[in-house]
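These notes are about the structure you will find just below.
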Amino acid sequence: MYFNRKCKITFICHGATIYSEEGRFSDAENYPPISELGIEEMDNLSKYLKARAVKNDVIYTSPSVRTVQSAMMIAKLFKKDYIVVDDLKGRFCGDWNGLTYEQIG
């Protein structure tokens, strides 16, 4: 082994949106933003991360509005900036974008 240090990566999903609350697919970067429930989820997650004394060196996020909003809340907790990485894209839904699972099935 070349290094005596550990690397820990924590993946965090964005907070809920009206689409996730309605069971809809979404691949748009600019819609939907996180909902009130999503804000509450990210607040609770921030409290959890703080209570667990999670350390953070870098925060990366995709360019979608919901992930940037979520990253902003986490960045505030850690008093750090976040980095938007254009190559971090969500799944492409095509004709399914905005449809519910029932509408597709």
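The values are calculated or read from the model by the stated rules, or taken from the named source; none is laboratory data. Here the structure is a predicted model, which means the values were calculated and not measured. Note: ideal-geometry Cβ built from the backbone for every residue, glycine included; neighbour counts use all protein chains shown. Accessible surface areas use protein heavy atoms only, side chains included; no ligands, DNA or RNA. Shrake-Rupley method; radii C 1.70, N 1.55, O 1.52, S 1.80 Å.
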Rounded to whole Å², per residue accessible area for the chain with a 1.4 Å probe reads 78 Å²
Which ³J(HN,Hα) values, rounded to whole Hz and listed in residue order, are derived for the range 52-58 from phi using the Karplus coefficients 6.51, -1.76 and 1.60 in 6.51 cos²θ - 1.76 cosθ + 1.60 with θ = phi - 60°, glycine and proline given as x? 7, 6, 5, 9, 9, 9, 9
For helix 65-78, report the angle its Cα long axis makes with the longest principal axis of the Cα atoms of the chain; keep it between 0 and 90° and round to the nearest 10°. 20 degrees
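Run the accessible area of the chain with a 1.4 Å probe and give the carbon-and-sulfur part as a rounded percent. It would help to have the intermediate numbers written out before the result.
Working: 4410 of 8140 Å².
Looking at the chain in its full context, I get 54 percent from C and S.
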Starting from the range 31-105, pick out the trypsin sites (Lys or Arg not before Pro) whose DSSP state is loop and whose Cβ has at most 10 other Cβ atoms within 10 Å. Arg52, Lys55, Lys79, Arg91
Any idea what the alpha-carbon Rg over 2.2 N^0.38 Å comes to for the chain? 1.22
